[in-house]
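Asks: The following block contains the structure, expressed as C-alpha cells.
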Amino acid sequence: AFIGEILNDLNMKSISELLIYRDMPMHNLDKLKEAKMPVILVAGDSDKGVPYCENGIMIEKEYESTGIPFCLYIKEGCDHHPHGHTDVKVSADFIDKAYSC
C-alpha cells in the first residue's frame, strides 16, 4: 500500500520508474545546501517505508558540518505516518530561529 501511494503521488506506473527517479530531496542536497535551506527532518523510528537509516541519515550527514540550520526530530514508535511534529511549537521555534535577523 505504501509503495502504491508513492507511485500515485509521483504519477508513476511501476516500481522500476521509482527506482530510477532522482528528484527527491536527498538527490538535491547540493542545491539545498547552496541555497542555505534550513531543514526540519521528522522521522519515525519504526518507519518501514522510508527508514531513517536508509534515507534521513544522508540528509543529516550532509548538513552536520555546514552551519545551515538543521533540526532532527525522531518520533518514537511511529511508522511513516502521521507526518510532522506532535508539538508544532518545535517547528515554529526552529523556523523563527532559522530566519531571525
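The values are calculated or read from the model by the stated rules, or taken from the named source; none is laboratory data. This structure is a prediction, so every number in the text was calculated from the model and none was measured. Reconstructed Cβ throughout: ideal geometry from the backbone, glycine too, with neighbour counts over all protein chains shown. Ligands, DNA and RNA are stripped out before the accessible areas are found, and what is left, the full protein with its side chains, is counted by its heavy atoms. Shrake-Rupley method; radii C 1.70, N 1.55, O 1.52, S 1.80 Å.
Asks: Could you tell me whether the range 1-54 comes out rounded, prolate or oblate from its Cα gyration tensor? Rule is a ≥ b ≥ c as square roots of the eigenvalues, rounded for a/c under 1.5, then prolate if a/b exceeds b/c, otherwise oblate.
Replies: In terms of gyration-tensor shape, oblate.
Asks: Per-residue ellipticity at 222 nm for the chain, helices alone: DSSP H runs ≥ 4 residues times -39500 (n - 2.57), over residue total, nearest 500 deg cm²/dmol?
Replies: The per-residue figure over the chain is -10000 deg cm²/dmol.
Asks: Classify the range 46-101: rounded, prolate or oblate, from the alpha-carbon gyration tensor (a ≥ b ≥ c, eigenvalue square roots; a/c under 1.5 rounded; otherwise prolate if a/b is larger than b/c)?
Replies: Oblate, since a/c reaches 1.5 and b/c is not below a/b.
Asks: Carbon-plus-sulfur fraction of the accessible area of the range 1-72, 1.4 Å probe, in percent?
Replies: Within the range 1-72, the accessible surface is 55 percent carbon and sulfur.
Asks: Full extension from Ile3 to Ile95: what is 0.36 nm times the residue separation minus their Cα-Cα distance, to one decimal in nm?
Replies: Length difference between fully extended and current span is 30.0 nm.
Asks: Give me the one-decimal Kirkwood hydrodynamic radius in Å for the range 23-75, with the sum taken over alpha-carbon pairs. Working shown, then result.
Replies: On the way: mean 1/r = 0.0875 Å⁻¹.
One over the average 1/r among Cα pairs gives 11.4 Å for the range 23-75.
Asks: In addition: Residue separation times 0.36 nm, minus the C-alpha to C-alpha distance between Asp23 and Ser46: what's the value?
Replies: 5.8 nm is the gain from fully extending Asp23 to Ser46.
Asks: Which trypsin sites (Lys or Arg not before Pro) in the chain sit in a loop by DSSP (not H, G, I, E or B) and have at most 14 other Cβ atoms within 10 Å of their own Cβ?
Replies: Passing both the DSSP loop test and the Cβ count: Lys13, Arg22, Lys36, Lys48.
Asks: Which residues make up the longest stretch of the chain that has no chymotrypsin sites (Phe, Trp or Tyr not before Pro) in a DSSP loop with at most 14 other Cβ atoms within 10 Å?
Replies: 22-98
Asks: Hey, another quick one. Around Asp47, which amide H atoms from residues at least 5 apart in sequence, or from another chain, sit under 5 Å from its own amide H, with H modelled in the peptide plane?
Replies: Tyr52
Asks: Hey, could you get me the Stokes-Einstein D for the chain, Kirkwood radius over alpha-carbon pairs, 20 °C and 1.002 mPa s, rounded to whole µm² s⁻¹?
Replies: Approximately 142 µm²/s, per Stokes-Einstein.
Asks: Return a whole-number percent for the relative contact order of the chain, with Cα pairs under 8 Å and 6 or more residues apart as the contact set.
Replies: Answer for the chain is 28 percent.
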